[in-house]
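Just below is one structure, and these are the notes that go with it.
The values are calculated or read from the model by the stated rules, or taken from the named source; none is laboratory data. Nothing here was measured: the structure is a model prediction, and the numbers come from that model. Note that we place each Cβ from the backbone using ideal geometry, even for glycine, and neighbour counts take in every protein chain shown. Accessible surface is based on the protein model in full, side chains and every heavy atom, while ligands, DNA and RNA are left aside. Shrake-Rupley method; radii C 1.70, N 1.55, O 1.52, S 1.80 Å.
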Amino acid sequence: PAKAFALMDGDTVVYSDTKAPANSSSLFHGFSMGKTVTAMAVGQAICAGRLQLTTKASDVIPELSGKALGNATVRDLLMMASGATDANSDSTVWTPEQNKAWNEGTLNLSATITTDERIAKAQRGVFSDYKPGEYFSYKSTDPLTLGLILSRATGTVWNQWIQERILNPMGAAYPGLLVQDRQQNGLSDGGTRLRLEDWQRFALWVKRSSKEQGCFGDYVRAAQSTQINNVARKSGRAAVGRADTAL
């Protein structure tokens, strides 16, 4: 059922095809590949001296002070181990009413993350609340929070930072779409839409970056290593905790 598929060997495209009505000029929803875009964007901010892995969410977003989500560090959020509750069983965070507001263009992502207690409170374990960094749980809360942190820490709106630090370095050849709300908060859990050819360029750029020396190369290599070994069950399927944000 995939609408596009590409098989690459290094920088050689071995096979590529699309399924109607999609074609080579279509802008494809990256969906959760956008989480990896967010992870790379955070790495760029760290290497630019704007953030640290040890920065707490509440250090940058004071509205989260006193809330479980506010205690999570950038590293915790990258590992999807914020300790915050799973708002929905399918990894999404919005209520039906919030989803309707999003579709109507009236939802404020920052206000939603910081004021909705369903999202910001701690996840309850068998005997106690989960602590940040303790438990992997795949959900949109963590990359959405990272998007807010990134914009505030860099003083740069989401689309501009992604353009300058991701799309330009990777050599994007075509226009795409970066989804934001009206306050320019980025939909950082999956709001990147590119042509298939540029998704290939992104994958190749990440791979090449992992071979480089220096801050960003170290970051990408760390992001590709297993950091939490536990299994979280979602929607009847097991999801194994891997590395920083969906890599």
How much of the accessible area of segment 1-71, in percent, comes from carbon and sulfur atoms when a 1.4 Å probe is used? 54
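Give the accessible surface of the chain per residue, rounded to a whole number of Å², with probe radius 1.4 Å and ligands, DNA and RNA excluded. Intermediate values should be presented prior to the final figure.
Working: 11890 Å² over 247 residues.
Here the per-residue accessible area is 48 Å².
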Could you tell me which label, among (i) 18.5; (ii) 17.8; (iii) 20.6, carries the value of Kirkwood radius over Cα pairs in Å calculated for this structure? (i)
With a cap of 15 neighbouring Cβ atoms within 10 Å, and only residues DSSP puts in a loop, list the chymotrypsin sites (Phe, Trp or Tyr not before Pro) found in segment 1-53. 31
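Extension gain residue 47-residue 183, at 0.36 nm per residue separation less the Cα-Cα distance, in nm? Present the calculation step by step, with values, prior to reporting the outcome.
On the way: separation 136, 0.36 × 136 = 48.96 nm, distance 2.63 nm.
Going from the current span to full extension adds 46.3 nm.
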Measuring from its Cα centre, the chain shows a charge dipole (+1 at each Lys and Arg Cβ, -1 at each Asp and Glu Cβ) which, in debye to the nearest 20, is 260
Would you mind pulling out the separation of the Cα centroids of segment 54-102 and segment 119-184, in Å? 10
